[in-house]
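Remarks on the structure that follows.
The values are calculated or read from the model by the stated rules, or taken from the named source; none is laboratory data. Not measured: the values here are computed from a predicted model. For neighbour counting, all protein chains shown are included, and Cβ atoms are generated from backbone atoms with ideal geometry for every residue, glycine included. Surface areas here come from the heavy atoms of the whole protein model, side chains and all, with no ligands, DNA or RNA. Shrake-Rupley method; radii C 1.70, N 1.55, O 1.52, S 1.80 Å.
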Amino acid sequence: MIGITASLIGAFFQALNYFITQVSQRGHQYNAKQIIIATHLAMGLILLIPLITLGYWKYFEVEDIYLLIQANLPYLIGQLLLIFAIKISDTSVVSPLLVLKVPTLAFVSLILFEKHLSIQQWASMGLIVYLAYRMSTMSGKLDVKPGLLIIGACICYGFSDLGITAYTLQLKGTSGIERTIISITINYLFCAICLLPFVPVFKVPVTGIYHMKWAAITWIIAATLLVTGFALSGVVEANVAQSTRGVWGVFLSYMALKLSANSDKKIWYQKIRISCFSVVAVALFYL
């Protein structure tokens, strides 16, 4: 129960992170590259606290750099694609579309690892794609760009997951939740250090790091809770719980815009229904 609760709360914070990113992007007029850099520098500053006070720096080994690159390069590309998707659409669209990770990674497994799928899993994938199509036609015409960007992001996240798992499992002298926190601390600090030289290249303002502090905090919380959920509850429960971020994404956007004169309640209710059906579709794939 603790694992499922962690996954559900983590899914909420992940959706909240997308919403905060969208608000910051539009409010401060930052581009996607500036947001990526500023957010991860803010995360790096925050994670210096456990690195120093809890002695997590002792777990860093120079020979682990290859694994850190393997984990974080696709992750950063995925984040960039995700922010592009948020920029051209909306959190209420992007969050539900992230369930496309299930059929995307299933196809990757079919091609690379020759994994076989059951009829039920094929049906689940068909339902997820159909629901994504419905979500992409909310404006009255098919908008494929956000979906394609999300598919690209999901492929990157899949390869990143492999790298992070390999890195986390090889950490010595620790286990359980602490190993997860150590892995998150070192991985995101590694991202921050790698992105630091690009601050002048992409003209990232120092104030941008402060402006993106809440995006940094919510992402750290989400990552910690989601990984903890996987560890404590298992793959099935954690994936289903994580898919609720689509519902949370629609809800947060609706609450922010409900007073708008242009807000059409029917469209919002339809988005919530599609997001709920997506959770069912994900459950169907893993059951």
Exercise for review: Could you look through the stretch 234-254, keep only residues that are open to solvent by 30 Å² or more (accessible area, probe 1.4 Å) and farther than 26 Å from Y133 by Cβ, and pick out the one that is modelled with the lowest pLDDT?
Suggested key: V235
Review point. Is it the case that the stretch 29-43 has a residue that's of a type outside the set (F, W, Y) and under 27 Å from I274 (Cα atoms)?
Key: no
Revision key, fill the gap. When restricted to Q120, Q79, Q25, Q70, the only residue modelled with pLDDT under 90 and assigned to a helix (DSSP H, G or I) is Q25
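Yes or no, residue by residue, for (1) open to solvent by 30 Å² or more (accessible area, probe 1.4 Å); (2) of a type outside the set (A, V, I, L, M, F, W, C):
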position	(1), (2)
F19	yes, no
Q22	no, yes
Q29	yes, yes
L41	no, no
L48	yes, no
G55	no, yes
E63	yes, yes
Q70	yes, yes
Practice item. Could you tell me whether any residue of the stretch 163-171 is open to solvent by 50 Å² or more (accessible area, probe 1.4 Å), polar (S, T, N, Q), closer than 26 Å to A11 by Cα and without any contact (Cβ under 8 Å) to a residue 60 or more places away in the chain? Key: yes
Review point. For Q34, are the conditions met, namely being open to solvent by less than 60 Å² (accessible area, probe 1.4 Å) and of a type in the set (S, T, N, Q)?
Key: yes
Revision key, fill the gap. Checked the stretch 96-143 for anything closer than 21 Å to S160 by Cβ, β-branched (V, I, T) and surrounded by fewer than 17 Cβ atoms within 10 Å (Cβ to Cβ); matches are V108, I111
Revision key, fill the gap. Here the residues within the stretch 82-95 that are of a type outside the set (D, E, K, R) and surrounded by fewer than 21 Cβ atoms within 10 Å (Cβ to Cβ) are F84, I88
Review point. Out of all the residues in the stretch 139-156, is one or more farther than 30 Å from Y188 by Cβ and either at pLDDT 90 or above or hydrophobic (A, V, I, L, M, F, W, C) (or both)?
Key: yes
